[in-house]
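Comments concern the structure below.
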Amino acid sequence: MRVRINQSIKVEDKVEQTIQVGLGERSYPITIGTGIFEHIGARLKALGFAKRYAIISDDRVASLYGRHLREILHGAGLDCELITFPAGEASKRLGTIEQLASKLAGQGLDRQDGLIALGGGVTGDMTGFLASIYMRSICFIQIPTSLLAQVDSSVGGKTGVDLAQGKNLLGTFYQPRAVFIDTEVLHTLPREEFLGGMAEVIKYGASLDADFFAWLGQKQKNILGLDSPVIMEMIRRCCELKAKVVEQDEREGGLRRVLNFGHTIGHAVEAASGYRLNHGFAVAIGMRAVAELAIRIGLADSSVGVEMVQLLRAYHLPIDIPPEFDRASLRAYLAIDKKTVGGRIHFVLPERIGKVRITDQIEEADIAPVLAR
Ligand code: GLY
């Protein structure tokens, strides 16, 4: 898949790039830059989506950036509130949505107003979900502050909350009106969160773009050192790849499933850990596992497994299912994955680095040894 830059401009000595997600009347820009946070108020004012916003953020991100963003919006002449919830995946439930909705209603937010998701994947998914149902939908903006959210969850309009039975089992497809990605915020991201986000970055290379996969190997030092131009290039390439997929298959009828590379087994591993394992770490384990599965059934040759393991290790990501995880529970979690249809599990398997095949034709006899490893 070819990478395209839609627009690259210099703003006050800072380079920023804009990618357009082309979805007809639901199209929107993703602006990526270093230090663009300060300009978000003026941009939102100029875009004119809403006069009043509620910034939704977890308490951790709110203490770092929430009050500052509120001041930036006030400075630009926009009315806004900051509404917070406790940080963590445990908050991603319908109960939190109801509490947030009550606060919006209590503050008189109406259909002309908008939400801003300021935070990581949990915040973005919940805010998008809330925006899609509050007063039968209001507009929302994504300002992702984790690497995972910047390269994946803030783009493409998947929203939702978890059920006790699994992640994201309630949700909607609802696109944001704009996404603002400031690479500077990654400096306050805990290291483990950054590395977890790298698993999603590697996913794009492994499933869609072999050149990008190789580039990630070459730039390991710059990326782990948070070298801004390289990080910006990396995020831009991920967003480009994701935008191209979403433009062709917004509601995951087929092609978009490639973005679940590593996630089928990854989600099962995450669930079996009681959601204590970092999502990206689980995806890394899942990517290694599907490489092994592809080799086992003769779809890929062994070099795919070697290359996967090398790159995952270069970014300090785990590659093995922890031995203490109960294999029967793992198998049961696979069965309730959203991608399981009619009892058949859909796997996204590598044919080679940068090319995948989606199949539900995998025999139990091949799944069990991969889970047993
Ligand atoms: N995170 C996968 C997708 O948005 O489709």
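The values are calculated or read from the model by the stated rules, or taken from the named source; none is laboratory data. Source: prediction; values computed, not measured. Heads up, the Cβs are rebuilt from the backbone with ideal geometry, glycines too, and the neighbour counts pull from every protein chain shown. Keep in mind that these areas ignore ligands, DNA and RNA; they rest on the heavy atoms of the full protein, side chains included. Shrake-Rupley method; radii C 1.70, N 1.55, O 1.52, S 1.80 Å.
Just to be sure before I move on: is VAL258 out of contact with any strand residue (DSSP E or B) (no Cβ under 7 Å at 6 or more places or on another chain), at pLDDT 95 or above and surrounded by fewer than 22 Cβ atoms within 10 Å (Cβ to Cβ) in the structure I sent? Against the criterion (out of contact with any strand residue (DSSP E or B) (no Cβ under 7 Å at 6 or more places or on another chain), at pLDDT 95 or above and surrounded by fewer than 22 Cβ atoms within 10 Å (Cβ to Cβ)), VAL258 does not qualify. The residues in the range 248-291 that are within 19 Å of ILE353 (Cβ to Cβ) and away from the ligand (no atom under 16 Å from the Cβ) can be counted, and the count is 4.
Considering only residues that are part of a loop (DSSP other than H, G, I, E, B) and within 30 Å of GLN220 (Cβ to Cβ), look in the range 325-364 and name the one that is modelled with the lowest pLDDT. Only one residue fits best here, namely PHE325. Selection over the range 80-111 of residues that are small (Gly, Ala, Ser), open to solvent by less than 40 Å² (accessible area, probe 1.4 Å) and in contact with a strand residue (DSSP E or B) (Cβ under 8 Å, 6 or more places away or on another chain) gives a count of 2. Only residues in the range 333-351 that are open to solvent by 20 Å² or more (accessible area, probe 1.4 Å) count as the first member; pair them with residues that are at pLDDT below 75 and not acidic (Asp, Glu), Cβ under 9 angstrom, at least 6 apart or cross-chain, and list the lot. Pairs found: ALA335/GLY343; HIS346/LYS339; HIS346/THR340. Assessment of the range 140-156 against the conditions (within 30 Å of THR34 (Cβ to Cβ), open to solvent by 10 Å² or more (accessible area, probe 1.4 Å), assigned to a strand (DSSP E or B) and more than 15 Å from the ligand (Cβ to nearest atom)) yields no matching residue. One residue stands out in the range 13-46 among those that are in a loop (DSSP other than H, G, I, E, B) and within 22 Å of MET234 (Cα to Cα): the one that is modelled with the highest pLDDT, namely GLY22.
Of all the residues in the range 229-255, those that are touching a Gly at 6+ places or on another chain (Cβ under 7 Å) and crowded, with 22+ Cβ neighbours inside 10 Å number 2.
In the range 293-309, is there at least one residue being in contact with a Gly (Cβ under 7 Å, 6 or more places away or on another chain) and crowded, with 22+ Cβ neighbours inside 10 Å? The answer is no; no qualifying residue exists. Considering GLU270, GLU307, the condition of being charged (D, E, K, R) and modelled with pLDDT of 95 or more is satisfied by GLU307 alone. Which residues, counting only those in the range 171-185, are surrounded by fewer than 18 Cβ atoms within 10 Å (Cβ to Cβ) and either hydroxyl-bearing (Ser, Thr, Tyr) or assigned to a helix (DSSP H, G or I) (or both)? Correct list: THR172, GLU184.
Looking only at residues in the range 186-207 that are more than 16 Å from the ligand (Cβ to nearest atom), under 16 Å from VAL122 (Cβ atoms) and not charged (D, E, K, R), which one is most open to solvent (accessible area, probe 1.4 Å)? Among those residues, the one meeting the criterion is PRO190. Taken as a whole, the structure leaves LEU118 outside the set of residues that are open to solvent by less than 20 Å² (accessible area, probe 1.4 Å), touching a residue at least 40 places away in the same chain (Cβ under 8 Å) and in a loop (DSSP other than H, G, I, E, B).
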